[in-house]
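S.K.: Sending over a structure as structure tokens; questions will come in a sec.
Quick note: the coordinates plus some simple rules give every number you see, no bench work behind them. Everything quoted here is computed from the prediction, not taken from an experiment. FYI the Cβ positions are ideal-geometry reconstructions off the backbone, even for glycines, and counts take in every protein chain you see.
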Amino acid sequence: MRTVAIIAALGVTMMQSTPGISDGRPESSDECGCTADAATQSAQIPPRFEDLEGSGVGAHDPAMAMEGHNYYLFCTGPGIAFRTSADGKRWSMPTRVFDRAVSWTGPTIPGSRDHYWAPDISYFNHRWHLYYAVSTFGHNRSAIGLATNTTLDPTKPGYRWEDEGPAVQSYSTDNFNAIDPSICLDEKGQPWMAFGSFWSGIKIVPIDPATGKPRDLELVPISIASRPRPGAIEAPCIIRHGGWFYLFASFDFCCRGVNSTYNIRVGRSKSISGPYADREGKPMLDDGGTSVLATHGRWHGPGGNSIMRDGRKDLLVYHSYDAEANGMPKLRIEPIRWDKEGWPSVASAGLPPTK
């Protein structure tokens, strides 16, 4: 259960030399990300993320974006946990995006309370779109909610999250679970939402940019990844790199502290709607997925990832359970390395697990 944000330097003059950016929408092949597509400015490149682990920050299913000079972090939690940072290293104490339960969530998903899962932050059509999951553990009567805002900065005039209601829902009669949303724009600037957890796996649907929701609420989602029972795959995240779409997903089980078996795997496709296959050519619809990161060092069960693009590099943003802190889930950030064949890796993947 979890989310990439392309770092957005909104509120500053857009540089015409910034490749592939116009009106907050990508034009080049490398400007799509899991959660936000907006203007980047090379003069505002953030600090060296090679030195950033985020290891002291409690987080689950982190989604990160940047507006102006500040970073904004959204995580699973009551009202959606929200933190800010001026440097990406020192974070504010968490507050709530929503002061109280969103009015429609309790009646729509009984038992859900106001503990919302796996937020995703994206920018398109001149607004920030915050998607989040409303569900109860082990059930697929779920909904993906949407709130929009003109800014991420709570100090700016006009800061206000507008409830847009549910965007996608699943019912007990469905073979999928509408949680873990993630937005990506295709090569034409069309938003798509990937989502899913267990059941029949990961799905994707096109999104109307004007509403942030599917145009056809009866549209059957496209299947893009699945596993044999118990179907332990969730938390999709799609980015575009080098003419390919890359689907990252969390395999196996979260939420068990140091006993969590979460691990991050990836496949790619020339089309955002698939088919996706791993490095060996195995379809992700048939349990395929090349390993990106598993338990390493003190960090157990990495997953719930998003990817933040800063204009020069892609950053894997994820949570992992800290064996030196009783299995507390914490924020982790690592630069992604792309090899000559176009496959991603991260440095810590080579570390042995702590005994």
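S.K.: Using modelled amide H (1.01 Å from N, peptide plane; none on Pro or chain starts), what sits under 5 Å from the amide H of residue 199, excluding residues fewer than 5 places away?
M.R.: Close amide H contacts, sequence-distant or interchain: none at all.
S.K.: I'd like the distance between the alpha-carbon centres of segment 131-148 and segment 205-227, rounded to an integer number of Å.
M.R.: Rounded to whole Å, the Cα centres lie 15 Å apart.
S.K.: Check which residues have an amide H placed less than 5 Å from residue 296's amide H, if you skip close sequence neighbours.
M.R.: So residue 296 has HN proximity to 301.
S.K.: Hey, what do the phi angles of segment 135-151 turn into as Karplus ³J(HN,Hα) couplings, whole Hz, using 6.51/-1.76/1.60 and θ = phi - 60°, x for Gly and Pro?
M.R.: 6, 10, 4, x, 10, 10, 7, 9, 9, 9, x, 9, 10, 10, 7, 8, 8
S.K.: Starting from the amide H of residue 164, placed 1.01 Å from N in the peptide plane, find each other amide H under 5 Å away whose residue is 5 or more places distant or on another chain.
M.R.: 146, 147, 148
S.K.: Rank these for me by crowding, 134, 292, going from fewest to most other beta carbons within 10 Å.
M.R.: Lowest count first: 292, 134.
S.K.: Moving on to the next point. Rounded to the nearest 20 debye, what is the charge dipole size of segment 21-350 about its Cα centre when +1 sits on each Lys and Arg Cβ and -1 on each Asp and Glu Cβ?
M.R.: Working: 33 positive and 38 negative charges, 77 e Å.
For segment 21-350, the charge dipole is close to 360 debye.
S.K.: Leaving out same-chain residues fewer than 8 places away, which lysines sit with a Cα under 24 Å from that of residue 313?
M.R.: Correct list for residue 313: 89, 188, 270, 330, 340.
S.K.: ³J(HN,Hα) across segment 327-344 via Karplus (A = 6.51, B = -1.76, C = 1.60, θ = phi - 60°), whole Hz, x for Gly/Pro?
M.R.: Taking θ as phi minus 60°, the curve returns x, 5, x, 9, 6, 10, 9, 9, x, 8, 9, 9, 7, 5, 9, x, 10, x Hz for segment 327-344.
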